[in-house]
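The values are calculated or read from the model by the stated rules, or taken from the named source; none is laboratory data. Remember, it's a predicted structure, so these values are computed and weren't measured experimentally. In this analysis, Cβ positions are derived from the backbone assuming ideal geometry, glycine residues included, and neighbour counts consider all displayed protein chains.
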Amino acid sequence: MKKEYLQIDKVVGPLIQISDVDDVFYGEVVDIVEISTGNIKKGKVIKIEEKNVIIQVFQNTADLAAGNSIIKFTGQAFNLPMSLDLQGRIFNGIGEPIDNGSDIFSLVEANINGRPINPMSREYPRNFIQTGISSIDTLATLIRGQKLPIFSGNGLPHNELAAQIVRQARLGDNVDEEFGVVFAAIGVKHDDEKFFRKSFDEANVMDRVVMFVNYADDPIAERITTPRCALTAAEYLAFEKHMHILVVMTDITSYCEALREISSAREEVPSRKGYPGYMYSDLASLYERAGMLKDQVGSITFLPILTMPNDDITHPIPDLTGYITEGQIVLGRDLFQRSIYPPVAILPSLSRLMKDGVGEGFTRGDHAEVANQLFASYSKVQEVRDLSQIIGEEDLSSTDKKYMAFGRAFEAKFLNQGFDESRNIIQSLDLGWKLLALLPLTELDRLSPENIDKYFPKEA
Amino acid sequence: MAVKEENKEKGIISAINGPVIKGKNMTTFKMREMVTVGEQRLIGEVIVLEGDVGTIQVYEETEGLKTGEEITPTGRPLSLKLGPGMLKNMFDGIQRPLEKIQEISPIFIPEGIGLLSIDDKKLWPAVMTVKPGDLLLAGSIFGTVEETQVIQNRLLVPPNVSGTVIDVVPDGSYTIEDVLVTIRDAKNELHELKMAHEWPVRTPRPNAYRRETLVPLITGQRVIDIFFPIAKGGTAAIPGGFGTGKTMTQHQLAKWSDADIIVYIGCGERGNEMTEVIEDFPKLIDPRSGKSIMERTVLIANTSNMPVAAREASIYTGVTIAEYYRDMGYAVAMMADSTSRWAEALREISGRLEEMPAEEGYPAYLPSRIAEFYERAGSIETLGGDDGSITIIGAVSPAGGDFSEPVTENTKRFVNVFLALDKSLAYARHYPAINWLESYSGYIKILSDWYEDNVAEDCISLRNKMLELMYEENKLQEMVMLVGEDVLPDDQRWVLEIAKIIKVGYLQQNAYNKDDTYVPLEKQYAMLKAIEYLYDRGREGLKLGVPTSRLKNIDIFSQFIKMKYTIPNDDLSGIDKLKDEIDQYFDVLFKKYEN
């Protein structure tokens, strides 16, 4: 029998400190029982100093007082029961059911912190996932087992885009390979969670979705565990049950804010913008859980969504994320305001795994060249636009005028597509060729003569 | 495998804060001593001693540790076992082979697996080169082992022993733990020499003396070899925001550099990138040896989700391994991707120690640590009298892509080559996205003799001329942004046209093209020389009053842009033909204007 403690010395935000404690371990889960009501709050040991212990409480610490609760050390790390029954269920940020369903019972338990995958055990991801969205499929191709975040801003349609990807993407090649979705909502508005639930329903995948939800008005300490619970479920389904799992997580910004709040309550030395110095390692411990393993079916493809504070891509949250993830899909406010959906700003967008997952045998032989040329040409469009701002479009050279026309057509026809419109990769590539044909052939220096012969649209 | 533990007094854990723990009863412990912590025997290192309280950084996940558990000393600092078996292998930050870890736990990396090292069961065929009575100095060679198909491991006397050989085993197969040679030193003490010996990671291995660095590290990358060369034994930094291609550039250097040995450290980077290296490198053939480039490569991986303290150690592990091969007389090139993650690991540990932070939370000793690290590079004479060198190429990941942050700033002070990666070039898919205006190489002067003797008399002056042209282009572009290109006079428009060829046809290099991924120096020079020829002939025309629009022959220009693909690396006759075509076209054209 473990000792129970009655005296709380200090409560600061989500942290409590108790003294004279023996025999606890770092990371141990704690039950805090309110004596009068019997309500149980959960916490976790995050620092031990001699006999003083600091506990991070996952629920609201509002009613805690020096002597109104019993603190019980459970002798357990933070484990969750794992089972196929997780699918179709909704949990809160510490893995308790909130859909009025029964608790999950299973002999299999997993520590929510996970452990790093040995790079020797990984399989390098190469399988293309068609999302049906031209800009993503052609220019920032999603690969099975990739972690590809969506960098968005407040008010931009990132939720719609994520929902469209869930609806249109087919993760398994073969019919007998199962796929599923794990959805983690971290500090989201109730509306957003409703939107996702509705779109999962419409896509007919609800019975394959595991949801972990922490609402914006839920306690912030729970935001730290929400993504970990979700990824633990994803690892179980992908690596034990060999399913192809798409993890959609929103909003990483709320997660980082919570991290900062707790760090400041712990009186830690801050680094950039007050975020803790270990935020890189901490985010990596989430993002790096995506991937595939050698010689076995199953994968975790990870689509985290974050809103860039003030649309600033150099803000620590997108910055550190970009250093860990395998590329990023950036949404642009400027495109959004011109009613282009999805407003994917292709120049800063990138898929690092694309180089090995496109081309002959995956998509089509010309894919890499077309993508390269579209990037180069659209990048030139930006320069020409800047110039036309100054000297006026009339005075541009004839080549530059063609660039202006190409830019407009590219945005209106290629980037822009319907919320329900799914284009396959061949359609997207052909569309790319059609638009590149607006430019003089001499400007298309990234295309090889063979591919020009084969794919360049013949004059009507 | 258990770590050898000293039969000394043990410490008692008194505080736990992430990877940093404190222990009491530690008066007999030494600073920087390696220890094992707790029932799981996690590996750690003493980093602060104060009275009987010691602070330890732990190289494994500390979840589950309790106060009151024991801290056991090992009596020695964090050390590596240096011997055959490191090449073609991949290690974690404290030299534990990931393949062996995989045998213990197939998918994830568990804690408490103890200190593993290179294989001590494998038999290596050794050839002994000494006989009884020989005097063996510290750092000299007493035998050889064919470690891989291309690298011979020269068995070294450890740098801290010397003496007269009294016993040698015959040639034959031995493990790294077998005693091969026994020597008696001046104090009449006996020392047993094995294939492997231990060396503490934080102590630089000694050498006879430092030489000047006079030979370039040939990388096959045009923008580096011609414009910003790195000397063998030199230091270089590659800073760049995310998505600018740091890792890509580092991979290209690891693949194609003409060093004998490559040590590649994935420090706090992506797991998939290390997997990519393991999958790709064995398939790539080294143009010099004709064998797989993996035969000469040591990999160290501490991915971003592995314990942060081991990240701090991984850099030292890498450079110690590099020094070991250097001491055999090899030219070693070491890539560290990324040194910023190492600096952040320092910051994280420093924060947990509650040290007073300097800039952006980094500890005040950041600059001195960076300096110590890069100073382990150099071209040296080994204790055994051979030539050896270590070239260090460190990637830097500046926060927000801003080069004025502390890690980039301090790195700049201690490296001689700065290859600045540029976001806007990367956005335009100009790879490698090395910005030619911001980058520099401090080795141009000392390497110019080499280039003159081995490439061409005018190689460096050609490089300077073309770089100057690129500077001019930059200024002109600013003007173009204000008034448009049509308004510029013809000679300036000609500069813009040539600069475009240099950018697209020369500086951009395609890592995925089998010819362009590695280009021999002769072709690099010939290509640039041809561009110069076009430029100079065009200027003749401008003097005659030929407008740029006529000088710009579409066919010739597109041949220039594609010559990296169309002209084979081993047959440069196409470049002469291209010059002939220029002459034919311009001669006819100029005739029309001459009168």
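If you go through segment B:417-424 one residue at a time, do you hit one that is within 14 Å of another protein chain (Cβ to nearest Cβ), buried (at least 16 other Cβ atoms within 10 Å of the Cβ) and more than 17 Å from the chain's Cα centre (by Cα)?
Here is the first cut: in segment B:417-424, the residues within 14 Å of another protein chain (Cβ to nearest Cβ) are B:421-424.
Still in the list and also buried (at least 16 other Cβ atoms within 10 Å of the Cβ): B:421-423.
Those still in the list that are more than 17 Å from the chain's Cα centre (by Cα) too: B:422-423.
So far as segment B:417-424 goes, yes, one or more of its residues are within 14 Å of another protein chain (Cβ to nearest Cβ), buried (at least 16 other Cβ atoms within 10 Å of the Cβ) and more than 17 Å from the chain's Cα centre (by Cα).
The set of residues in segment B:538-591 being more than 14 Å from every other protein chain (Cβ to nearest Cβ), in contact with a Ser or Thr (Cβ under 7 Å, 6 or more places away or on another chain) and under 12 Å from B:GLU497 (Cα atoms) is empty.
Restricting the search to segment A:257-270, which residues are within 14 Å of chain B (Cβ to nearest Cβ) and under 21 Å from the mean Cα position of the chain (by Cα)? Full working, then the answer.
First, the residues of segment A:257-270 that are within 14 Å of chain B (Cβ to nearest Cβ): A:259-260, A:262-264, A:266-270.
Within segment A:257-270, A:LEU259, A:ARG260 meet the criteria.
When segment B:273-306 is filtered for residues that are crowded, with 23+ Cβ neighbours inside 10 Å, touching a residue at least 12 places away in the same chain (Cβ under 8 Å) and of a type in the set (S, T, N, Q), the ones remaining, listed by number, are B:THR297, B:ASN302, B:THR303, B:SER304, B:ASN305.
Test B:ALA254 against the stated conditions and say whether it is within 17 Å of B:ILE393 (Cβ to Cβ), outside any helix (DSSP H, G or I) and away from chain A (no Cβ under 11 Å). Even if it seems obvious, please write down each step before you answer.
Values: within 17 Å of B:ILE393 (Cβ to Cβ): yes; outside any helix (DSSP H, G or I): no; away from chain A (no Cβ under 11 Å): yes.
So B:ALA254 does not fit the description; no.
Scanning segment A:271-305 for residues that are out of contact with any Lys or Arg (no Cβ under 9 Å at 6 or more places or on another chain) and in a helix (DSSP H, G or I), we see that the one that is nearest to the other protein chains (Cβ to nearest Cβ) is A:ARG272. Any residue at all in segment B:32-40 that's of a type outside the set (Val, Ile, Thr), farther than 19 Å from B:ALA313 by Cα, buried (at least 24 other Cβ atoms within 10 Å of the Cβ) and within 12 Å of another protein chain (Cβ to nearest Cβ)? The answer is yes, given that some residue of segment B:32-40 is of a type outside the set (Val, Ile, Thr), farther than 19 Å from B:ALA313 by Cα, buried (at least 24 other Cβ atoms within 10 Å of the Cβ) and within 12 Å of another protein chain (Cβ to nearest Cβ). Out of A:SER102, A:SER83, one residue alone is polar (S, T, N, Q) and surrounded by 14 or more Cβ atoms within 10 Å (Cβ to Cβ). It is A:SER83. State yes or no: is A:GLY27 away from chain B (no Cβ under 13 Å) and either part of a strand (DSSP E or B) or of a type outside the set (D, E, K, R) (or both)? So A:GLY27 fails the test.
Checked against the criterion of being at negative phi, among the β-branched types (Val, Ile, Thr), within 11 Å of chain B (Cβ to nearest Cβ) and buried (at least 16 other Cβ atoms within 10 Å of the Cβ), the candidates A:VAL370, A:VAL384, A:VAL344 yield just one match: A:VAL384. Going residue by residue through segment B:540-548, is there one that turns out to be of a type outside the set (D, E, K, R) and without any contact (Cβ under 8 Å) to a residue 12 or more places away in the chain? No, because not a single residue in segment B:540-548 is of a type outside the set (D, E, K, R) and without any contact (Cβ under 8 Å) to a residue 12 or more places away in the chain.
Report yes if some residue within segment A:394-403 is more than 14 Å from chain B (Cβ to nearest Cβ), in contact with a helix residue (DSSP H, G or I) (Cβ under 8 Å, 6 or more places away or on another chain), under 26 Å from A:MET354 (Cβ atoms) and modelled with pLDDT of 95 or more; otherwise report no. No, segment A:394-403 contains no residue that is more than 14 Å from chain B (Cβ to nearest Cβ), in contact with a helix residue (DSSP H, G or I) (Cβ under 8 Å, 6 or more places away or on another chain), under 26 Å from A:MET354 (Cβ atoms) and modelled with pLDDT of 95 or more. Restricting attention to segment B:263-292, which residues are within 14 Å of chain A (Cβ to nearest Cβ) and assigned to a strand (DSSP E or B)? Correct list: B:TYR264, B:ILE265, B:GLY266, B:CYS267.
Among the residues making up segment B:207-247, those that are over 14 Å from the mean Cα position of the chain (by Cα) and small (Gly, Ala, Ser) are B:ALA208, B:GLY220, B:GLY240, B:GLY241, B:GLY243, B:GLY245.
Go through the residues of segment B:184-191 one by one and say whether even a single one is in a loop (DSSP other than H, G, I, E, B), out of contact with any helix residue (DSSP H, G or I) (no Cβ under 9 Å at 6 or more places or on another chain) and of a type in the set (Gly, Ala, Ser).
Initial filter on segment B:184-191 (in a loop (DSSP other than H, G, I, E, B)): B:185-189.
Still in the running and out of contact with any helix residue (DSSP H, G or I) (no Cβ under 9 Å at 6 or more places or on another chain): B:185-189.
Those still in the list that are of a type in the set (Gly, Ala, Ser) too: B:186.
Within segment B:184-191, one or more residues are in a loop (DSSP other than H, G, I, E, B), out of contact with any helix residue (DSSP H, G or I) (no Cβ under 9 Å at 6 or more places or on another chain) and of a type in the set (Gly, Ala, Ser).
Scanning segment B:558-584 for residues that are buried (at least 17 other Cβ atoms within 10 Å of the Cβ) and within 14 Å of B:ARG537 (Cβ to Cβ) returns B:PHE560, B:LEU578, B:ILE582.
Would you mind stating whether A:GLN328 is in a strand (DSSP E or B), within 11 Å of chain B (Cβ to nearest Cβ) and polar (S, T, N, Q)? I'd like the intermediate steps shown before the answer.
Values: in a strand (DSSP E or B): yes; within 11 Å of chain B (Cβ to nearest Cβ): yes; polar (S, T, N, Q): yes.
The answer is yes for A:GLN328.
Note on segment A:39-128: enclosed strands (runs of 3 or more DSSP E) holding 1 or more residues that are over 30 Å from A:GLN296 (Cβ atoms) and of a type in the set (Gly, Ala, Ser) are A:40-49, A:69-73.
Being part of a helix (DSSP H, G or I) and crowded, with 16+ Cβ neighbours inside 10 Å is the filter here; which residues of segment B:449-466 pass it? If the condition is that a residue be part of a helix (DSSP H, G or I) and crowded, with 16+ Cβ neighbours inside 10 Å, then B:TRP450, B:TYR451, B:CYS459, B:ILE460, B:LEU462, B:ARG463, B:MET466 are the ones that fit. Taking first residues from segment B:54-67 that are facing another protein chain (nearest Cβ under 7 Å) and under 16 Å from B:ILE12 (Cβ atoms) and partners that are of a type in the set (Gly, Ala, Ser) and part of a loop (DSSP other than H, G, I, E, B), the Cβ contacts under 6 Å between residues at least 6 apart in sequence or on separate chains come to B:LEU65/B:GLY38.
Yes or no, residue by residue, for (1) touching a residue at least 40 places away in the same chain (Cβ under 8 Å); (2) surrounded by fewer than 22 Cβ atoms within 10 Å (Cβ to Cβ):
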position	(1), (2)
B:SER350	no, no
B:MET356	no, yes
B:GLU359	yes, yes
B:ALA377	yes, no
B:GLU381	yes, yes
B:SER389	yes, no
B:PRO406	yes, yes
B:ARG413	yes, yes
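Please work out which residue is surrounded by the most Cβ atoms within 10 Å (Cβ to Cβ), limiting yourself to segment B:533-555 and to residues that are β-branched (Val, Ile, Thr) and out of contact with any Asp or Glu (no Cβ under 6 Å at 6 or more places or on another chain).
Narrowing segment B:533-555 to residues β-branched (Val, Ile, Thr): B:546, B:548, B:554.
Those left that are additionally out of contact with any Asp or Glu (no Cβ under 6 Å at 6 or more places or on another chain): B:546, B:554.
Details: B:VAL546: 20, B:ILE554: 10.
Of everything passing the filter in segment B:533-555, B:VAL546 is surrounded by the most Cβ atoms within 10 Å (Cβ to Cβ).
Conditions tested, residue by residue: (1) in contact (Cβ under 8 Å) with a residue 40 or more places away in the chain; (2) within 14 Å of chain A (Cβ to nearest Cβ); (3) in contact with a Gly (Cβ under 9 Å, 6 or more places away or on another chain).
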position	(1), (2), (3)
B:ASN89	yes, yes, no
B:PRO97	no, yes, yes
B:PRO106	no, yes, no
B:GLY112	yes, yes, yes
B:ILE118	yes, no, yes
B:GLY133	no, no, no
B:LEU136	yes, no, yes
B:PHE142	yes, no, no
B:GLU146	no, no, no
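Among the residues here, B:THR28 qualifies as away from chain A (no Cβ under 11 Å), touching a residue at least 12 places away in the same chain (Cβ under 8 Å), of a type outside the set (A, V, I, L, M, F, W, C) and in a loop (DSSP other than H, G, I, E, B). Among the residues of this structure, B:GLU532 counts as one that is touching a helix residue (DSSP H, G or I) at 6+ places or on another chain (Cβ under 7 Å), acidic (Asp, Glu) and away from chain A (no Cβ under 14 Å).
Of all residues in segment B:322-340, at least one satisfies being touching a residue at least 40 places away in the same chain (Cβ under 8 Å), more than 14 Å from chain A (Cβ to nearest Cβ) and under 30 Å from A:ASN113 (Cβ atoms).
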